[in-house]
Amino acid sequence: MESALKGYLDSLKGKRVAVIGLGVSNTPLVERLLDAGISVLVCDKRRREDFNGLIESLERQGLETALGLDYLDHLEGVDVIFRTPGLRPDLPQIVKAVEEGARLTSEMEAFLSLCPCRIIAVTGSDGKTTTTTIIAGMLKAAGYRTFVGGNIGNPLLCQVDEIRPDDIVVLELSSFQLLTMEQSPSIAVVTNLAPNHLDVHKDMDEYVAAKRNIFAYQDACDKLVLNADNEITAGFAREARGQVTLFSRKKVLDQGVYVKDGMVMYCGRPILHVEDILIPGLHNLENYMAAIAVVEDLVPDEVILNFARTFGGVAHRIELVRELDGVRYYNDSIASSPSRTIAGLRSFTQKVILIAGGYDKQIPYDVLGSEITKSVKTLLLTGDTAGKIKAATLAAPDYATGVPEIIDCADLKEAVERAHGLAQPGDVVIMSPASASFDRFKNFAERGNVFKNFVTALE
């Protein structure tokens, strides 16, 4: 019997394939395409020397390249285009190629069309990675053979022949991946929605529309899990084609997952106590509630309970780096939006020393200002958004002169050193930037690791 991947690759033979962006997900794809004897053009705005020899290695296998600032100006004669997630599909060069007959797709879209097993996919503005990790962890603990991919884990297209019909795939999907998606998973989760990535999306409407694709192509046999406490996600329930399961931290539901008397309940059945969840924060309670809504008929309650008591969280998400001289230092580098930083601040019962600022995604910071005045004793700012966060804090209704103290820092190293100098025993120092990392770092993980290195070096 011919494998699904071989059949797909055979369908591309004799065609000219362009892969835009030679990143983590597309590199294995390019290698597999070349191995299958397919003509491949890689288009990437980076320079040849930025790839540390990878380009030369692939060129020896027949790869063509279009590198540099004009990387999209070489798509004539292309039959298939694999889009990197962050690339808008309506760029003039892409539109022209599609009008001339090219088919636009992506590694993830191809995987969805070939995957032989049940797919669970998670999206949202915040909590995607943690919720995805919790779902996959519970399934693995219950004995399921589970594959994790999308924004986390390994690219799955090249692994599709390893996946059996009785396995389960758990995906984290971004708005960029969903923007052109025309297939939905059998179980879809939307954790919450708030303004985000407006530096790439045209507006909030387009951002929400992209998220909607996670369930837009479901049928009556599929399942959609939604946050009932978020106005946008709650509204999705009216559009759903399949079964809807809601979760709510704030109100008791007739059905779904909710909190009552300190217990997380599912349709009237107690699952676990809120205090059984090891990782801190109300947002992580919501992540668990979303996960329970997904696995309630797949995973025994005792497995859910044991997982919650032992799971220590995901790196860069309110991650305790160290305690030094009675001061706890937390890395929350994943917080690339105000809503994420607000959730991080609300994880603590005391006022904290906050390090914030980074790349500007053109999203509003007004709501963050009020939270900072309530939850922060000292605010250390650095990066492109430092001015916006400072202005939002000064404009907050509860702001009083010098409360919190606001300090501008040249870089992250200075911010960590200033925090160390100011902190007293019992204090919490948290880097929760409320901004993306791209002004100074490759991604949030690099930013978090740099922060951890600075903290580890403190004496």
From zero up to wherever the largest Cα-Cα distance of region 72-140 sits, split into 10 Å bins and tell me the percent of pairs in each. 17, 34, 26, 19, 5
With charges only on Cβ, +1 for K and R and -1 for D and E, what is the dipole size of region 321-459 about its Cα centre, in debye, rounded to 20? 300 debye
Ignoring everything but the protein chains, give the 1.4 Å probe accessible area of V376 in square angstrom, nearest 10. 0 Å²
Would you mind checking region 98-128 for residues with the amide N under 15 Å from a putative spin-label position 7 Å along Cα→C-beta of Q243? 119-120
Output the 0 to 90 degree angle, nearest 10, between the alpha-carbon long axis of helix 444-456 and the longest principal axis computed from the alpha carbons of the chain. 40 degrees
Between A457 and A315, take the C-beta separation as r, use R0 = 22 Å, and let me know the FRET efficiency to the nearest 0.05. 0.75
Theoretical gain in end-to-end length, V95 to K260 [0.36 nm per residue, Cα-Cα removed]: 54.2 nm
Where S437, S113 fall by accessible area, highest first, once all protein chains stay in place (1.4 Å): S113, S437
Residues with beta-carbon under 10 Å from that of R440, excluding R440: net charge, scoring Lys, Arg +1 and Asp, Glu -1? -2
Could you pull the accessible area for H420 with a 1.4 Å probe, rounded to 10 Å²? 50 Å²
Directionally averaged shadow of region 306-403, computed from the convex hull of its alpha-carbon atoms, nm²: 7.3 nm²
Amide N proximity, region 371-390 versus V403 label position 7 Å along Cα-to-Cβ, cut-off under 20 Å: 371-380, 390
Once you have a ≥ b ≥ c as the square roots of the Cα gyration tensor eigenvalues for region 101-251, tell me rounded if a/c is under 1.5, and otherwise prolate or oblate according to whether a/b is larger than b/c. oblate
Difference of contour (0.36 nm per residue) and Cα-Cα distance, K15 to D79: 22.5 nm
Heavy-atom accessible area order for L394, L67, largest first, 1.4 Å probe: L394, L67
Given R₀ = 41 Å, FRET efficiency for D439-N306 by Cβ-Cβ distance, to 0.05? 0.50
Sorted by accessible area with a 1.4 angstrom probe, largest first, how do E206, E239 fall? E239, E206
Return the distance in nm (one decimal) between the two label points of a simple spin-label model at A395 and Q61, each offset 7 Å from Cα along Cα→Cβ. 5.1 nm
Once you have a ≥ b ≥ c as the square roots of the Cα gyration tensor eigenvalues for region 253-356, tell me rounded if a/c is under 1.5, and otherwise prolate or oblate according to whether a/b is larger than b/c. prolate
For region 274-290, in residue order, the Karplus 3J(HN,Hα) values (coefficients 6.51, -1.76, 1.60; θ = phi - 60°; whole Hz; Gly and Pro = x) are 3, 6, 6, 7, 5, 7, x, x, 5, 5, 6, 4, 5, 4, 5, 5, 4
Projected label distance in nm at L54 and L278, using a 7 Å step from Cα toward the beta-carbon: 3.3 nm
Filtering chymotrypsin sites (Phe, Trp or Tyr not before Pro) in region 320-421 by DSSP loop and by at most 13 other Cβ atoms within 10 Å leaves none
Centre separation in Å (Cα based) which lies between region 201-265 and region 366-435: 33 Å
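The values are calculated or read from the model by the stated rules, or taken from the named source; none is laboratory data. Please read all numbers here as calculations on a predicted model, not as lab measurements. We place every Cβ from the backbone using ideal geometry, glycine too, and count neighbours over all the protein chains shown. Keep in mind that these areas ignore ligands, DNA and RNA; they rest on the heavy atoms of the full protein, side chains included. Shrake-Rupley method; radii C 1.70, N 1.55, O 1.52, S 1.80 Å.
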